[in-house]
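Every number here is computed from the coordinates shown, using simple stated rules; none is lab data. Worth saying up front: this structure is predicted, and the values here are computed from it rather than measured.
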C-alpha cells in the first residue's frame, strides 16, 4: 500500500510523436514551387481567414443582447452598483441617526 509522499511525486509522461515518413526535400520543393507560382501569377494567394468573432457571443444570448440594446455595458453596471451601495449606506446612516441617537 503506497502512502502519499512529497518526495516521490511522479511526472506525467511526455508525448512523443515520431512520423512514419517525412521527406524534408520534397516539402521544401513544394513550398518553392508554390511560392514561384504565386510570384508568376499562376496561383492566387490564399486568403487569410479572419473570423468575425467580436460580438457574436452577445448576439447568441438574450440577456446580454437586451443589455446592449438598452445601452448598458460593464462600466455602467459598475456605476449602478456603486449608486446602489451609496444609497444603502445613506439609508442605514439615516436609520441609525433617527432611532439610535
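Taking Cα atoms, how many degrees apart are the long axis of helix 24-40 and the longest axis of the chain, rounded to 10 and kept between 0 and 90? The angle comes out at about 80 degrees. So what does the Cα-only Debye profile of the chain read at q = 0.13 Å⁻¹, as log10 I(q)/I(0), no solvent term? Each listed q corresponds, in turn, to -0.86. Seen against the Cα atoms of the chain and their longest principal axis, helix 74-99 is set at about 20 degrees.
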